[in-house]
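Everything below concerns the one structure shown next.
The values are calculated or read from the model by the stated rules, or taken from the named source; none is laboratory data. The structure displayed is predicted, hence computed values, not measured ones. Here the Cβ is made from the backbone with ideal geometry for all residues, glycine too, and neighbour counts use every protein chain on show. Ligands, DNA and RNA are stripped out before the accessible areas are found, and what is left, the full protein with its side chains, is counted by its heavy atoms. Shrake-Rupley method; radii C 1.70, N 1.55, O 1.52, S 1.80 Å.
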Amino acid sequence: MPNEVEIERKFWKALRSDMTVMLGLDGKEAPRPMTAQIDGDEDRGPLWFFTSTDSSLVMGLNGTSPATFSYMSKGHDVFATAHGALTLDNDPAVIERLWNPFVAAWYDGKDDPKLALLRMDASHAEIWLDGSSILAGIKMIFGQDPKRDYKDMVAKVPLT
C-alpha cells in the first residue's frame, strides 16, 4: 500500500499531466474549471491560474482570500481537495515563464489589460487514490472487506 509521500507524489504527477481543477473562493464564488500551472520542477506550489480581470474570481478577491480546489485526474485514479490562499499576482516575470500558446489564445499578448494571474498558495490537501479495482472486486467475491485496504489510499498532506 502506498504511504503519504507516495500518494502526494502521485497527486503532483497527475496534476502536472491533467491540469484542470475546480477552483472557487470559499463562501463567495462557486468552483469553476481552471487550468493550474506549476512554476518549476518542484512538487510544491504555488499554483498559478491565468484568467480575466473581469472574472468573478478576480472580482471576488479581497486581497488574499481563502480558496479551495477539487481535482480528479483523467484516469479517475487520483482525487484531491486542496485549501489555501488566492491572490492576484501579475508578476511580469512569472507571466513570462508560464506563457504558452494555450494561454496566448485567450489574450492579446502578455500586456493585455484584461490578463490576470492568480496565485494559489495551497496549505493542505486531502488526496485519494482510486480504491475500486479488480482486486477489491475479487476480495468482495470471497467475502473479504475491501475497506480495510482502502484506508491506506487516502492521505492528508501539508502542501507548504
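Per residue, how much accessible area does the stretch 35-88 have with a 1.4 Å probe, in Å²?
Heavy-atom accessible area per residue stands at 45 Å².
Using heavy-atom solvent-accessible surface (probe 1.4 Å) with all chains present, what is the largest-first order of TRP106, TRP99, TRP48?
Result, largest first: TRP106, TRP99, TRP48.
May I ask you to give the percent of accessible area on the stretch 1-104 that is carbon plus sulfur, with a probe radius of 1.4 Å?
54
Mind ordering 69-76, 115-122 by average Cβ neighbours within 10 Å, highest first?
Working: 69-76: 15.4, 115-122: 21.1.
Descending packing order for the listed peptides: 115-122, 69-76.
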